[in-house]
Amino acid sequence: IKIICVVGTRPEAIKMAPLIIALRNTHWASVRIVSTGQHPFLVEKMLSNFSLTPDLICEVMKPNQSLTKLTIRLLGELDRCFQAEKPDIVIGQGDTTSVMAAALAAFYLRIPFAHVEAGLRTRDYENPFPEEMNRVLVGDLAQWHFAPTEIAQRNLLEEGKSVDSIYVTGNTIVDALLYTAGRCPPFDFPEFANCRMILFTAHRRENIGQPFFEICRAARYLADLRDDIFILFPVHPNPAIKDAAYSYLSNHPRIRLTPPLDYIDFIAAMKSSFFILTDSGGVQEEAPSLRKPVLVLRNETERPEGIEAGVTKLVGCDFDSIVNSSLQLLDDDAVYKSFSRGNSPYGDGRASEKIVNILHKALAKHSYAHSS
Ligand code: UDP
């Protein structure tokens with residue numbers, strides 16, 4: 001069975017890698033990796049951590065391109081690719097413009113689409129831009145929904161998806177994390193040997209501008225206030241984030257800005273951190289497996305499982321809220337311990353294996369494969 005796995009961005013590469021490896025370990029799947037080029041270089045670099053390389057790389061990025069223009073280019077490239085490759089199924093992950101375009105291009109060609117990490121929802125109908133709308137659209141286009149949690153499954157059922165098209169598997173990011181965490185070297189900053197590290201990442205479109213300024217102001221305040229901490233910020237390459245980060249936070253003795261870290265180094269940094277400040281979805285899913293508290297720099301999250309389990313907390317982009325919650329974690333042992341307990345609500349590291357088994361059974365039942 002010929003399968004095209006589409007990856008567009010860094011988190012897609014991380015979350016698809018264990019599944020691609022598991023598919024390639026079967027006797028029945030022939031897998032082609034298509035990188036859409038939405039995050040050029042980052043995706044290839046990320047895949048190389050798993051000894052994977054894309055079979056085909058599209059070039060869709062142009063400076064200052066609108067999401068509409070990006071979608072048009074993605075649809076054109078993916079349509080060409082699917083027509084040439086003639087896959088039996090296409091698999092995509094998450095909520096990016098790449099996965100939305102892949103699902104739509106596959107739909108127009110009547111190629112069944114499997115959605116990994118299906119069913120996440122913020123239910124933000126006033127401002128569903130852009131990820132929430134991508135999730136909803138992909139949900140309507142997909143044949144199989146691999147929901148990471150029961151909450152995600154419930155979201156899909158509420159939207160009328162048939163019960164036998166939804167499978168709760170856990171999130172493949174836990175597979176990637178556990179595979180990597182066992183191999184990563186210690187992450188040392190000798191000059192900060194006696195300091196606790198706060199790992200900080202931010203990149204979301206919704207936080208660009210004033211919210212990001214407030215977040216940086218809070219980070220700077222914490223680094224000024226306490227000489228027993230230091231902040232590590234691997235800066236996302238999006239120019240709107242990168243330029244602002246360097247202009248607000250460079251030249252502080254206890255804040256280190258770095259280019260994006262290799263996955264293995266980022267996981268090592270997570271392991272060495274005291275707690276994490278982030279607006280990233282993937283990091284919210286990874287940190288509980290490492291028992292690291294996460295303060296989420298957003299007002300809502302499509303990942304409520306961590307909040308419900310008490311291992312992540314929404315603090316928004318408000319200066320006081322970020323500072324107060326950070327100080328609580330630094331100073332109150334009971335609060336810290338309450339965050340770093342229990343199992344991850346996002347999976348047990350076997351999501352890819354489950355998805356492969358489910359797909360195999362489903363494909364055998366419906367004989368989706370071309371008879372050739
Ligand atoms: N990550 C990484 N290097 C970094 C920052 C993040 O490898 O410097 C990884 C992180 O472990 C997580 C993923 O990238 O798995 C998250 O990606 P991002 O925050 O860009 O996207 P999101 O998860 O919000 O969609």
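Treating the beta-carbon of each Lys and Arg as +1 and of each Asp and Glu as -1, no other charges, what is the dipole magnitude of the stretch 190-339 about its Cα centre, to the nearest 20 debye?
Values: 16 positive and 21 negative charges, 48 e Å.
Dipole magnitude for the stretch 190-339 comes out near 240 debye.
What does the charge dipole of the chain about its Cα centre add up to, to the nearest 20 debye, if the Cβ of each Lys and Arg holds +1 and the Cβ of each Asp and Glu holds -1? The partial results should precede the final answer.
Working: 39 positive and 44 negative charges, 168 e Å.
Dipole of the chain, to the nearest 20 debye: 800 debye.
Neighbour counts of other Cβ atoms within 10 Å put R350, R73 in the fewest-to-most order R350, R73. Close lysine pairs were tallied over the stretch 190-339: pairs 8 or more places apart or on different chains with Cα atoms under 22 Å apart number 6.
Ranking of S289, S340, S30 by neighbouring Cβ atoms within 10 Å, starting from the fewest: S30, S340, S289.
Compute, for the stretch 211-292, the length of the dipole vector about the Cα centre, with Cβ point charges of +1 (Lys, Arg) and -1 (Asp, Glu) only. Units Debye, rounded to 20.
Details: 9 positive and 10 negative charges, 34 e Å.
Approximately 160 debye in magnitude.
The amide H of E302, built 1.01 Å from its N in the peptide plane, has no neighbour under 5 Å, considering only residues 5 or more places off or on other chains.
When a/c reaches 1.5 or more, the comparison of a/b and b/c decides; with that in mind, is the stretch 1-144 rounded, prolate or oblate per its Cα gyration tensor? Before the final figure, lay out each step's value.
Working: a/c = 1.41, a/b = 1.28, b/c = 1.10.
Since a/c stays below 1.5, the shape of the stretch 1-144 is classed as rounded.
Report the percentage of all Cα-Cα pairs in the stretch 190-339 whose separation exceeds 26 Å, rounded to a whole percent. Show your work: numbers first, answer last.
Values: 1701 of 11175 pairs.
It works out to 15 percent of all Cα pairs.
3J(HN,Hα) along the stretch 345-358, derived from phi through the Karplus expression 6.51 cos²θ - 1.76 cosθ + 1.60 where θ = phi - 60°, amounts to x, 9, x, 10, x, 10, 4, 4, 4, 5, 4, 4, 5, 5 Hz, with x in place of Gly and Pro. Cβ-to-Cβ counts within 10 Å put F189, F107 in ascending order as F189, F107, the fewest first. The label point for Q328 and the one for K2, both projected 7 Å from the Cα toward the Cβ, are 5.5 nm apart. In the chain, helices alone account for a calculated mean residue ellipticity at 222 nm of -13500 deg cm²/dmol, with every DSSP H run of four or more residues adding -39,500 (n - 2.57).
Along the stretch 178-192 the Karplus relation, 6.51 cos²θ - 1.76 cosθ + 1.60 evaluated at θ = phi - 60°, assigns HN-Hα couplings of 5, 4, 7, 4, x, 10, 8, x, x, 10, 10, 10, x, 5, 10 Hz to successive residues, with x for each Gly and Pro.
For the chain, what does the relative contact order come out to in percent, with C-alpha contacts under 8 Å and a separation of six or more? 15 percent.
Every number here is computed from the coordinates shown, using simple stated rules; none is lab data. The structure displayed is predicted, hence computed values, not measured ones. Heads up, the Cβs are rebuilt from the backbone with ideal geometry, glycines too, and the neighbour counts pull from every protein chain shown.
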